[in-house]
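Student: I'd like to ask you about the structure that follows.
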Amino acid sequence: MASEAQLDLARYVPALLNFLSNKLSSGASQCYRKHFEIGVVEWRMLSMLAVESGITANRICQVIGLDKSAVSRSLHALEVAGRVCTEVDPADGRRYTVSLTESGKELYNRVLKVALERERRLLSGLSPSEVDTLINLLGRLNAQVANVNQYDPEKP
């Protein structure tokens with residue numbers, strides 16, 4: 001009888017990335033809720049809009065990789081709180097663009113200090129060259145996501 005393949009979770013990269021991401025997201029959400037009254041998804045929206053203002057919810061979904069309903073809920077909560085504003089896209093009247101308000105920019109700057117300290121602590125066990133290597137490798141893995149997601153085991 002042939003032995004079945006075993007998944008080695010200690011070396012299965014998708015699981016390792018997922019475990020790390022889940023733990024970081026959970027910790028960030030607890031911290032940001034306690035100190036800033038936002039969750040990690042709202043923080044992702046704020047940080048995306050701080051980098052790229054006047055964009056659509058679809059653009060946020062594409063860059064961050066969240067589903068449209070999560071982005072929509074978070075943007076709604078941020079709008080109700082006065083952190084973002086929406087307006088009709090001048091290029092396409094059927095779409096809306098989202099931007100940070102002054103209150104949103106102020107909140108972003110406060111949370112950013114905490115986010116950067118969390119990152120510093122995460123990377124504190126790595127040398128600067130290891131951090132550069134990690135960033136390079138993560139970028140290369142990210143570039144492979146479309147290829148991975150196109151895989152269909154029913155097609156050769």
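Please treat every number below as a calculation from the coordinates, not as lab data. Fair warning: this is a prediction, and the values are worked out from it, not measured in the lab. Virtual Cβ from ideal backbone geometry, glycine too; neighbours counted across all protein chains shown.
Student: Among N109, Y12, A91, which residue has its Cα positioned farthest towards the positive end of the charge dipole of the chain, with +1 placed on the Cβ of Lys and Arg, -1 on the Cβ of Asp and Glu, and the dipole taken about the Cα centre?
Tutor: Positive-most Cα among the choices belongs to N109.
Student: Distance in nm between label sites at Q30 and C85, each 7 Å beyond Cα in the beta-carbon direction?
Tutor: 3.8 nm
Student: Given +1 on the Cβ of Lys and Arg, -1 on the Cβ of Asp and Glu, and no further charges, what dipole in debye does the chain carry about its Cα centre, rounded to the nearest 20?
Tutor: Computed about the Cα centre, the dipole is about 360 debye.
Student: Oh, and also: Tell me, L46, L75 in order of fewest to most beta-carbon neighbours within 10 Å?
Tutor: The most exposed by this proxy come first: L75, L46.
Student: Another question, if that's okay. Full-extension gain between E130 and A143, please, as 0.36 nm times their residue separation minus the C-alpha to C-alpha distance.
Tutor: Extra length from E130 to A143 when fully extended: 2.7 nm.
Student: At R0 = 25 Å, how high is the FRET efficiency between N22 and I64 if r is their beta carbon distance? Nearest 0.05 is fine.
Tutor: 0.95
Student: A follow-up question, please. Can you sort V84, V148 from fewest to most other Cβ atoms within 10 Å of each residue's own Cβ?
Tutor: V148, V84
Student: Continuing with the same structure: Give me Rg over Rh for the chain, both radii from the alpha carbons and Rh done the Kirkwood way, two decimal places.
Tutor: Rg divided by Rh gives 1.05.
Student: Specify which residue in the list V41, Y151, G139 is farthest towards the positive end of the charge dipole of the chain, using unit charges on the beta carbon of Lys, Arg (+1) and Asp, Glu (-1), about the Cα centre.
Tutor: Value: V41.
Student: Using alpha carbon centroids, what distance separates the range 90-156 and the range 43-66, in Å?
Tutor: Measuring centre to centre over Cα atoms gives 10 Å.
Student: Report the calculated FRET efficiency for E4 and Q150 (r = Cβ-Cβ distance, R0 = 30 Å), to the nearest 0.05.
Tutor: According to the calculation, E is roughly 0.65.
Student: Could you tell me the number of lysine pairs in the chain with C-alpha atoms less than 29 Å from each other, where the two lysines are 8 or more residues apart or belong to different chains?
Tutor: Lysine pairs meeting the criterion: 11.
Student: Take the chain, mark every one of the chymotrypsin sites (Phe, Trp or Tyr not before Pro) that falls in a DSSP loop and has at most 12 other Cβ within 10 Å, then report the longest stretch left between them, sites excluded.
Tutor: The answer is 13-150.
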